[in-house]
Amino acid sequence: MPQVTLLRATRADSPELIAGFLASREQHHPWAAPFTDEAGFDAWFGRGLTGPLVGLVAREPVSGGVVGLVSLGRIVFTPFSRSATLGYSGMAALAGRGLMTEAVRLATRHAFAE
């Protein structure tokens, strides 16, 4: 059984992501500053609606709890160039278990398949 499932982010993910990122601020600083309020979520989520960004939420299959978030951005898909950036932020409560490693691996597969 996989340790992580990966699904496109939805507005319904907002409360759990915000709470997890608030609790994980020390883990992310100074390397990342994920959103920690509704306005930040809306700005991030909106980029997926209007621009080349895909937001993927990683969850534990059994509990359904959020493991973290993977973003594929700056997506370029032309006949001569195919590229994207990948960013990720995990939840401190689940750190050290390899869950975000699996989430990034799944996101990479998603990027090439979808």
| request: Between LEU22 and LEU49, with labels modelled 7 Å along Cα→Cβ, what's the label distance in nm to one decimal, could you check? | output: 2.3 nm
| task | Note the angle between two axes, namely the Cα long axis of helix 14-23 and the longest principal axis of the Cα atoms of the chain, as a number of degrees from 0 to 90, rounded to the nearest 10. | result | 60 degrees
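Quickly estimate the mean residue ellipticity at 222 nm for the chain, helices only: each DSSP H run with n ≥ 4 gives -39500 (n - 2.57), and the total goes over all residues, rounded to 500.
Dividing the helical sum by the residues of the chain leaves -11000 deg cm²/dmol.
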| remark: Packing-ranked peptide list from 85-93, 105-113, highest mean Cβ count within 10 angstrom first, is 85-93, 105-113
| Degrees, to the nearest 10: 38-50 long Cα axis against longest axis of the chain | 20 degrees
| said: Under a crude label model (7 Å from the Cα following the beta-carbon direction), how far is THR101 from ALA39 in nanometres? | reply: 3.9 nm
| said: Can you order the peptides 64-74, 42-52 by their average number of other Cβ atoms within 10 Å per residue, highest first? | reply: 64-74, 42-52
| said: Please compute the per residue accessible area over the chain with all protein chains in place, 1.4 Å probe, rounded to a whole number of Å². | reply: 62 Å²
| note | For the range 40-92, inverting the pair-averaged 1/r of distinct alpha-carbon atoms gives a Kirkwood value in Å of 12.3 Å
| Can you give the accessible area of ARG97, probe radius 1.4 Å, in Å² rounded to 10? | 120 Å²
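On a full-extension model of 0.36 nm per residue, what is the gain between TRP31 and SER81, subtracting their alpha-carbon distance, rounded to one decimal in nm? Before the final figure, lay out the partial values.
Values: separation 50, 0.36 × 50 = 18.00 nm, distance 2.83 nm.
Additional length available on full extension: 15.2 nm.
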| Expressed as a fraction of 2.2 N^0.38 Å, the rule-of-thumb size for a compact globular protein of N residues, what is the C-alpha radius of gyration of the chain? | 1.04
| said: Can you tell me the orientation of helix 99-113 relative to the chain, as the angle in degrees between its alpha-carbon axis and the longest Cα principal axis, to the nearest 10? | reply: 20 degrees
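The values are calculated or read from the model by the stated rules, or taken from the named source; none is laboratory data. Model, not experiment: these values are computed from the prediction. Every residue, glycine as well, gets a Cβ built from its backbone with ideal geometry; the counts of neighbours run over all protein chains shown. Side chains included, ligands, DNA and RNA excluded: accessible areas come from the protein's heavy atoms. Shrake-Rupley method; radii C 1.70, N 1.55, O 1.52, S 1.80 Å.
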